[in-house]
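The structure under discussion appears below in the form of structure tokens.
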Amino acid sequence: MFQHYFEGIKNIEIGPVISLILFILFFLAVIVWIFRLDSGFINRMKNLPLEEDKPENNIEM
């Protein structure tokens, strides 16, 4: 159905290639970021749902 429209666009084959390259670069950047994370940060985030609520301020009324 859309093949007729896409045939009229010049250099359309470069779009999927650019999209694939951007996806791969983003995916690799996330992988590098994950491996460079501090283990203390990972443990803090891992235990965050299990911590009890602690008030930010110790103001008593």
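The values are calculated or read from the model by the stated rules, or taken from the named source; none is laboratory data. Because the structure is a prediction, the values reported are computed rather than measured. Positions of Cβ are backbone-derived with ideal geometry, glycine not excepted, and every protein chain shown enters the neighbour counts.
Cβ-Cβ contacts under 6 Å between residues 6 or more apart (or on different chains), taken from a first residue in segment 21-46 that is in contact (Cβ under 8 Å) with a residue 12 or more places away in the chain and part of a helix (DSSP H, G or I) to a second residue that is basic (K, R) and surrounded by fewer than 10 Cβ atoms within 10 Å (Cβ to Cβ), are absent. A single entry from L50, L25 fulfils the requirement of being of a type outside the set (S, T, Y) and modelled with pLDDT of 85 or more: L25. Does segment 34-45 contain at least one residue that is surrounded by 10 or more Cβ atoms within 10 Å (Cβ to Cβ), modelled with pLDDT of 90 or more and among the aromatic types (F, W, Y)? Scanning segment 34-45 turns up no residue that is surrounded by 10 or more Cβ atoms within 10 Å (Cβ to Cβ), modelled with pLDDT of 90 or more and among the aromatic types (F, W, Y).
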